Amino acid sequence: MWLLLLSCTDPEKPAKDSEDTIVDSGTPDDSGGGDSNGVLPQSSAGCGKASSLRPGGVQVEVEAGADGGGRRGFYLSLPKNYDPETPHRLVLGYPGTNWVGEQIQPYLDLEKHTNEPTIFAYPDPLWRDFDGWGNYGGWLLGPHAAPADGMEDLVYTEAILDQLEADYCIDTDRIFVTGHSWGGDMAAVVACFLGDRIRAGLPVAANEPYWFRPSQGDFSCKGKAAVWTFFGIADDHFTWQDYPGQFGEEQDNFWADEHGCNETVEDLDLAVGSCIEHQGCSAETRLCLYGPESKHQVPDDYAALSIAWFEGF
């Protein structure tokens, strides 16, 4: 049972133009099932259940339990032609510092690029006191990310997945994550620690991967989620890098090592910037250092490229 929330305030919107959230996220495939690779969708328990919520964007809550921060909200975006008999891709988009899901939805601008049946969910962070940083709306990034360490937001993410899979027709083999800035951090962390449930992740403008530097003992990611790292070659937020693009390369190095890639890379001919794909990996591993005009923001081609990549799985 979803609790519908009515917003009493008009949150500050990002600079990018927003569009109506009620979109056509694709139509059912009448070809007999399977994607372009012939892989059949994996139907969740919610298949066959009619939606209790209207199409488009709506603020809802989910109970994440004591370990997940209790009852928490997120912004749910359903396609206008939602079909409860058709397994849908699911994309989670995480907002950056002091933003909530309703704000990041028009900024990421993902829905209008979809060609396949897709549901989008934009989680809300909690405002917390981070030791040495101050009070921010931000994400806890697993066990090794002090002062942003903790498992609460990973538990919360699993609660969202559990609820959506129970109430909607989700292809459980095609769940994807993305996010910007601190939300990019969270997308990378989810792709690792919940990689047994995530097919691919695309973090944008994330920090140096301090969350993957164990403070005690070793760890490994669950599953093998594909990862495409986006980072601005002229990022003007992370001003303490030793060289342009350092943090993006460090993130990519982590994933190339985690996926056992060899030393060969293939250049990707994409206008967004300098992009490569590693070879010999156990899961697809890509890096784009996008152009200087975007600085710390998402590049213009981000939404179209990310959706096209997600729909290739």
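The values are calculated or read from the model by the stated rules, or taken from the named source; none is laboratory data. Computed from a predicted model, the values in this text were never measured in an experiment. Neighbour counts are summed over all protein chains in view; Cβ atoms, including those assigned to glycine, are modelled from backbone coordinates with ideal geometry.
Couple of notes before you dig in:
- Filter result for residue 227 (closer than 24 Å to residue 141 by Cα, touching a helix residue (DSSP H, G or I) at 6+ places or on another chain (Cβ under 9 Å) and β-branched (Val, Ile, Thr)): yes
- Subset of segment 52-92 (residues that are aliphatic (A, V, I, L, M) and without any contact (Cβ under 8 Å) to a residue 40 or more places away in the chain): 66
Conditions (1) farther than 26 Å from residue 301 by Cα; (2) of a type in the set (D, E, K, R); (3) in contact with a Leu (Cβ under 6 Å, 6 or more places away or on another chain), marked per residue:
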{"site": "89", "(1), (2), (3)": "no, yes, no"}
{"site": "97", "(1), (2), (3)": "no, no, no"}
{"site": "100", "(1), (2), (3)": "no, no, no"}
{"site": "108", "(1), (2), (3)": "no, no, no"}
{"site": "113", "(1), (2), (3)": "no, no, no"}
{"site": "146", "(1), (2), (3)": "yes, no, no"}
{"site": "168", "(1), (2), (3)": "yes, no, no"}
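- Residue satisfying condition, being of a type in the set (Asp, Glu) and within 30 Å of residue 78 (Cα to Cα), within set 165, 258: 165
- Among the residues making up segment 138-164, those that are surrounded by fewer than 21 Cβ atoms within 10 Å (Cβ to Cβ) and acidic (Asp, Glu) are 149, 152, 158, 162.
- Flag for residue 182 being free of Cβ contacts under 8 Å to residues at least 60 places away in the same chain and among the aromatic types (Phe, Trp, Tyr): no
- Screening residue 148 against (1) touching a residue at least 24 places away in the same chain (Cβ under 8 Å); (2) closer than 29 Å to residue 39 by Cα leaves a single unmet condition, (2).
- Segments classed as strands (runs of 3 or more DSSP E), wholly inside segment 248-313, with at least 2 members that are in contact (Cβ under 8 Å) with a residue 24 or more places away in the chain, exposed (fewer than 15 other Cβ atoms within 10 Å of the Cβ) and acidic (Asp, Glu): none
- Segment 178-191 - residue that is touching a Phe, Trp or Tyr at 6+ places or on another chain (Cβ under 7 Å) and either assigned to a helix (DSSP H, G or I) or among the basic types (Lys, Arg) (or both) and, of those, farthest from residue 101 (Cα to Cα): 189
- Selection status of residue 51, surrounded by 14 or more Cβ atoms within 10 Å (Cβ to Cβ), modelled with pLDDT under 95 and more than 27 Å from residue 296 (Cβ to Cβ): yes
- Those residues of segment 202-218 which are of a type in the set (A, V, I, L, M, F, W, C) and either assigned to a strand (DSSP E or B) or loosely packed, with under 13 Cβ neighbours inside 10 Å (or both), in sequence order: 202, 204
- Taking segment 154-177 as the range and being in a helix (DSSP H, G or I), of a type in the set (D, E, K, R) and under 15 Å from the mean Cα position of the chain (by Cα) as the test, only 158 passes.
- The residue list 99, 127, 133 contains one member that is at pLDDT 95 or above, surrounded by 17 or more Cβ atoms within 10 Å (Cβ to Cβ) and of a type in the set (Phe, Trp, Tyr), which is 99.
- Criterion violated by residue 34 - all others in (1) assigned to a loop (DSSP other than H, G, I, E, B); (2) more than 13 Å from residue 170 (Cβ to Cβ); (3) of a type outside the set (S, T, N, Q); (4) modelled with pLDDT of 95 or more satisfied: (4)
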